Structure formats: structure tokens, C-alpha cells
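Just so it is clear, none of the values below were taken in a lab; they were calculated from the coordinates. Quantities reported herein were computed from a predicted structural model and do not represent experimental measurements. Positions of Cβ are generated from backbone atoms using ideal geometry, with glycine treated the same way; all protein chains shown enter the neighbour counts.
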Amino acid sequence: MPTPDLLQRFFTYRIMASLRATTAETAVQSARAVIKGGIRIIEVPQSTPGAMRVIGDIRHQFADEVIIGIGDVPSIEVADRAIKANAQFATLPYDNTRVVEFCRKHHLLVIPAGATPREVALLAERGTALVRVFPVSSFGGAMYVGHLRRALPSVHLLAAGGIDLAEVTTYFRAGASVVAIGSGLFPPHADDQPDFEGLTQRAQQLTATPRHY
């Protein structure tokens with residue numbers, strides 16, 4: 001799918017689930033659970049065991065029904081493996097020019113991170129259509145997103161890092177184009193066995209969140 005069309009789907013769905021799992025099998029099952037609950041954008045952090053297998057399995061099962069990508073890409077090597085696994089996008093933990101250029105060359109939607117207004121503005125000037133504000137909770141949360149939007153009204157922001165379910169609406173009201181939620185959706189379990197039914201219910205709660213203000 002061409003990147004512009006894929007980006008438009010980000011702006012339509014607006015909620016990204018960032019998987020938290022200790023095994024590849026749990027990651028796949030968790031992804032299925034939140035997809036059942038209506039989530040349509042899935043990020044698989046590159047630190048997830050068997051991350052590339054997880055991406056491949058979900059792509060094989062759901063095809064273009066779901067957008068799935070690799071998260072926190074630190075290098076070209078990881079980006080290349082993700083492309084070969086059929087990932088549709090890559091998020092970066094910071095601005096890495098070499099990785100950004102590699103992803104663009106291979107038509108992989110890349111979402112690099114910035115934190116300060118200068119970092120966000122520079123990414124936008126270099127053609128970044130969606131900037132990841134990360135870790136957003138450490139910089140003031142939704143209030144900080146609001147400050148960035150007022151300073152840079154033409155820049156689309158993906159808020160990520162430390163966001164709880166109850167805060168998602170606040171981020172949309174502040175002007176976030178997309179909100180990523182990880183541990184707030186996938187809480188840790190002592191036995192490493194998630195409550196998949198509970199995951200589906202939380203995903204349903206998320207997808208019922210008003211997203212247009």
C-alpha cells in the first residue's frame with residue numbers, strides 16, 4: 001500500500017496499540033485480542049521476542065485489514081528485517097537520519113521521534129508527515145502536546161510513552177493526531193499469561209473513545 005494511503009488510515013483510526021509481551025506466541029495472541037476489540041494499528045516493539053515472526057504472522061492472518069509495524073527501530077539492520085517481515089511502518093525512539101532515509105528509500109512509512117519544539121520542527125521541515133512525541137508523559141503529557149500544537153499547528157503528532165487508557169481522550173483534545181498506548185492497555189501479569197478477554201474489552205473501550213474535537 002502506498003505510504004500516503006497508509007498515513008491517511010493512521011489519521012482515520014488514530015489509536016495505536018503497542019504490544020507488551022514476553023513471548024512471540026503471547027504477542028500474537030495479544031494482537032488478535034485487541035484486533036477483535038476494534039484496534040487497527042499494531043506496533044510490535046523491536047525488543048519483543050520473535051518480533052519479526054509476530055509481524056509476519058499478523059500480516060498473514062489479517063492482511064490489509066490491520067496496519068502492523070515495528071517499534072523503536074535503532075538501526076538499518078532492524079529496519080531491513082522488518083521490511084522483509086512485511087512490516088508497514090516503523091517508529092523510531094529518536095531522530096536517526098540514516099534509518100529514516102533507508103525506510104523512505106524502501107517505501108516503509110517511518111515515524112521518527114522528537115521531544116522539544118526544535119526537534120519536532122526540524123523533522124517536519126525534512127518531510128516527516130507524522131512525528132512521534134516520545135516519551136510524552138515525561139515532558140508534560142497532554143498539556144505538552146497542546147503546547148506543541150499551538151506552536152506548530154501544521155505538524156501531525158503521535159503521542160507515545162506512559163499513556164493510560166483514561167488519558168487518551170485528553171490527548172485527542174490537546175491535538176494529538178494519533179495516540180499510542182502500551183502498558184496502559186497491556187498491564188503486566190505475574191504469571192506472564194495475559195487475560196485475553198480483558199484485553200479485548202479494554203480495546204473496545206479504547207475504540208469507543210471520542211477521537212474528533
Please state which of the following conditions A63 fails to meet, knowing it meets all the rest: (1) at positive phi; (2) assigned to a loop (DSSP other than H, G, I, E, B). (2)
Just to verify a result, which residue in segment 38-86, among those that are of a type in the set (V, I, T) and farther than 23 Å from T200 by Cβ, is surrounded by the most Cβ atoms within 10 Å (Cβ to Cβ)? V73
Selection from segment 67-85 of residues that are among the hydrophobic types (A, V, I, L, M, F, W, C) and either assigned to a helix (DSSP H, G or I) or under 17 Å from T3 (Cβ atoms) (or both): I67, I68, I70, V73, I76, V78, A79, A82, I83
If we ask which residues in segment 16-47 are within 13 Å of G182 (Cα to Cα) and assigned to a loop (DSSP other than H, G, I, E, B), their number turns out to be 4
Helices (runs of 4 or more DSSP H) contained in segment 109-213 and holding at least 2 residues under 17 Å from the mean Cα position of the chain (by Cα) and in contact (Cβ under 8 Å) with a residue 40 or more places away in the chain: 168-174, 196-207
Quick check: anything in segment 91-104 aromatic (F, W, Y) and in a loop (DSSP other than H, G, I, E, B)? yes
Take the residues in segment 202-213 that are loosely packed, with under 12 Cβ neighbours inside 10 Å and of a type outside the set (S, T, Y); name whichever of them is nearest to A24 (Cα to Cα). A208
Counting just the residues of segment 3-15 that are in a helix (DSSP H, G or I) and of a type in the set (V, I, T), which one comes out surrounded by the fewest Cβ atoms within 10 Å (Cβ to Cβ)? T12
